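A quick write-up on the structure given underneath.
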Amino acid sequence: MQGRITFSYTVITIGTVLLVEILTITFLASVTEEGRVTTPLFSSALFGSVLFFVTLLFLIPLIGSWFGYLSTRGVIHRLRQLAAALSRIAAGDYTCRLAVHHKDEIGQLERHFNVMATQLTESLSQCRQLAEQNARLAERARIARELHDAVSQDLFSLRMAVGGLHSAVEVGLSTRDKFQLQNLLPYIGTIEETAGHMLHEMRALLLELRPLRLEQQGLGEALEDLANAYRTRLEIAVQTEIQPVSLSPEAEHAILRIAQEAFTNAVRHGEATALTVVLEEREQQVEFQISDNGKGFALEEVRDRHGLGLRLMRERVQELDGSLSLVSVPKQGTRIHIHLPGEKVHD
């Protein structure tokens with residue numbers, strides 16, 4: 001673009017200078033050393049030459065101007081397209097792209113515009129996903145609060161009331177009354193056991209809905225916090241062997257989510273009473289393992305009973321280019337082993 005405009009100005013300048021020089025030489029050739037004109041200025045030959053060169057003197061700027069107009073017209077059109085595209089971006093239309101046909105300066109602007117628009121689209125998509133994720137986390141927290149404030153408290157009250165009723169039946173008011181009320185003991189026991197189981201399930205569910213905060217603490221502290229919550233609230237024996245590891249924030253979040261899912265499955269479905277968590281780093285490779293003493297399950301039942309949770313775990317690990325293995329034997333517990341390759345470990 002700059003070359004075409006420069007060429008048009010150069011043609012005009014050179015043509016004008018040459019014509020002026022030719023006219024000067026022609027005029028001087030008609031003048032003697034004493035300053036007399038040897039050839040009349042309006043003679044046919046001289047006048048024709050002068051008229052021809054004067055005409056060229058006017059034509060060359062016109063031709064150069066026309067050439068410059070043709071060059072700048074395309075430039076102005078492309079600049080207008082670029083301005084219109086920027087206006088669409090400002091209005092929120094991030095799908096706008098420009099066709100790049102030239103490698104000049106405006107072509108570079110057009111390419112940079114397309115790159116910028118693509119990056120804006122990706123950033124907007126990430127922001128939307130983050131907003132949706134934050135909304136889901138906020139909803140989980142709200143549900144957890146409601147379950148804790150309403151259902152969990154009611155279940156605890158029901159369990160206490162049934163326990164009091166059970167004690168009253170055992171004491172009885174007389175031998176006859178006690179004999180008659182003993183028929184109710186199996187039903188009361190069933191209600192008491194069911195209420196206790198429901199309360200246990202509710203506490204496990206609340207721990208599953210518990211928000212994770214990696215921003216205020218590292219992965220090791222977050223895992224210890226999760227383990228301590230199961231120790232104190234569900235009376236689950238959790239043994240931890242956690243070493244400092246170097247992982248990206250995405251990998252740390254994935255590991256913590258998997259741990260939360262595995263804890264929930266072990267307690268709610270596997271009826272485990274003890275868990276072991278191991279996190280270590282060897283030769284820039286991170287290994288994460290969770291095992292429990294639950295009732296386990298046959299691997300062929302995974303699709304029916306635990307397919308969704310396990311699939312989500314595998315997807316999280318695959319996004320980190322890692323591997324996940326599952327070993328479960330009926331009545332012998334379950335073990336989940338995760339291996340992350342070195343390229344996902346940050347020095």
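The values are calculated or read from the model by the stated rules, or taken from the named source; none is laboratory data. Note that the coordinates shown come from a computational prediction; the quantities given were computed from them, not determined experimentally. All Cβ positions, glycine included, derive from the backbone under ideal geometry; neighbour counts span all protein chains shown.
Evaluating E208 against the criteria (1) closer than 24 Å to S325 by Cα; (2) at pLDDT 70 or above; (3) of a type in the set (D, E, K, R) leaves one unmet condition, (2).
The set of residues in the stretch 74-100 that are surrounded by 11 or more Cβ atoms within 10 Å (Cβ to Cβ) and assigned to a loop (DSSP other than H, G, I, E, B) comprises D93, Y94, C96, R97, L98, V100.
Answer yes if at least one residue in the stretch 309-325 is over 23 Å from D225 (Cβ atoms), at pLDDT below 85, buried (at least 18 other Cβ atoms within 10 Å of the Cβ) and not aromatic (F, W, Y), and no otherwise. The answer is yes; a qualifying residue exists.
Yes or no: L62 modelled with pLDDT of 65 or more and surrounded by 11 or more Cβ atoms within 10 Å (Cβ to Cβ)? Criteria not met by L62.
The residues on offer are V329, V277, V245, V267, and the sole one that is aliphatic (A, V, I, L, M) and over 30 Å from G196 (Cα atoms) is V245.
Looking at Q119, is it out of contact with any Lys or Arg (no Cβ under 6 Å at 6 or more places or on another chain) and surrounded by 11 or more Cβ atoms within 10 Å (Cβ to Cβ)?
Values: out of contact with any Lys or Arg (no Cβ under 6 Å at 6 or more places or on another chain): yes; surrounded by 11 or more Cβ atoms within 10 Å (Cβ to Cβ): yes.
Taking the combined requirement at face value, the residue satisfies it.
Just wondering, is there one or more residues in the stretch 231-244 that are at pLDDT 70 or above, farther than 20 Å from N293 by Cβ and in the same structural domain as P330 (by TED's automatic domain parsing)? Yes, because at least one residue in the stretch 231-244 is at pLDDT 70 or above, farther than 20 Å from N293 by Cβ and in the same structural domain as P330 (by TED's automatic domain parsing).
Residues in the stretch 246-279 that are surrounded by fewer than 21 Cβ atoms within 10 Å (Cβ to Cβ) and farther than 16 Å from M313 by Cβ: S246, S248, P249, E271, T273, A274, T276, V278.
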